[in-house]
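Scroll down for the structure; my scribbles are underneath it.
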Amino acid sequence: MAGINIPHIILQPLQQEVGYKTEQIVPVSLFQRTILALAVLNTSQFKTLEEFIDYAKKNPGALTAGGSGTFSGPHMASLRFEKLASAKITYVPFTGAAPQTMAFLGGHTAAAFGNSDDLVRYKDKVRVLAFASEAGFPMAPMVLATVLAQMLETSLQQSLLISRGSPLIFFSRPIAAAFMGLALLSIIRGIWLEVRSRTLEVAEEDEA
């Protein structure tokens, strides 16, 4: 079992040798959807998306935008941006979200096509110009993520330091064990529903 990213698992095997084929991977459950965003540093000269596009049109290829990998979500977002904006930028691929974010924060790229959950961590340092979705984010989850994400991450790190890396600390108290049990049940339920849905689809195809 392993975590996967879409469109990575579809596009990368089509473009290069990656050691696997898309049809070899069977998704069990899709548990997270992260909207990509185009962001610049809050010290950037670009205050709006229109200013960014206007500069890119007047200076083809001069603006650099970082992203995690080639033939990935950020890469496709950069190509889609160029088509819709009729402007040319230079996409800079990194080996992952972490090095891409650090390079962006260090000013090595003018912009970044980043995961919204990564950008939220640095909300005081970046300016989001656009989301890669017409619908955007529902307000309630966005507020919860902005307010609680850093607190949860800090508490997790503190707990693991106290327990010297042992996850058993999360089961040491009844209320903690109850919440962990509920979380585990929700994951199992999601997997079961996905498997059940796929089984029904296969049965319907066989009948047809």
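The figures follow:
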quantity: Looking only at region 47-74, and only at residues there that are in a helix (DSSP H, G or I) and under 15 Å from the mean Cα position of the chain (by Cα), the one that is surrounded by the fewest Cβ atoms within 10 Å (Cβ to Cβ); calculated: Gly73
quantity: Residue match in region 34-43 (condition: small (Gly, Ala, Ser) and surrounded by fewer than 19 Cβ atoms within 10 Å (Cβ to Cβ)); calculated: no
quantity: Test: residue in region 75-85 that is loosely packed, with under 14 Cβ neighbours inside 10 Å, under 30 Å from Arg189 (Cα atoms) and either assigned by TED's automatic domain parsing to the domain that holds Arg127 or over 14 Å from the mean Cα position of the chain (by Cα) (or both); calculated: no
quantity: Those residues of region 6-33 which are surrounded by 14 or more Cβ atoms within 10 Å (Cβ to Cβ) and either modelled with pLDDT of 90 or more or under 30 Å from Asp124 (Cβ atoms) (or both), in sequence order; calculated: His8
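Listed here are the residues, each with its yes/no results for (1) touching a helix residue (DSSP H, G or I) at 6+ places or on another chain (Cβ under 7 Å); (2) over 20 Å from Ser133 (Cα atoms); (3) not hydroxyl-bearing (Ser, Thr, Tyr).
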position: Tyr20; (1), (2), (3): yes, yes, no
position: Glu23; (1), (2), (3): no, yes, yes
position: Asn42; (1), (2), (3): no, yes, yes
position: Phe52; (1), (2), (3): no, no, yes
position: Asn59; (1), (2), (3): no, yes, yes
position: Thr70; (1), (2), (3): no, yes, no
position: Leu79; (1), (2), (3): no, no, yes
position: Glu82; (1), (2), (3): no, no, yes
position: Gly96; (1), (2), (3): no, yes, yes
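The values are calculated or read from the model by the stated rules, or taken from the named source; none is laboratory data. Because the structure is predicted, anything quoted here is derived from the model rather than measured. Because the Cβ atoms are built from the backbone with ideal geometry, glycine has one as well, and the counts that use them run over all protein chains shown.
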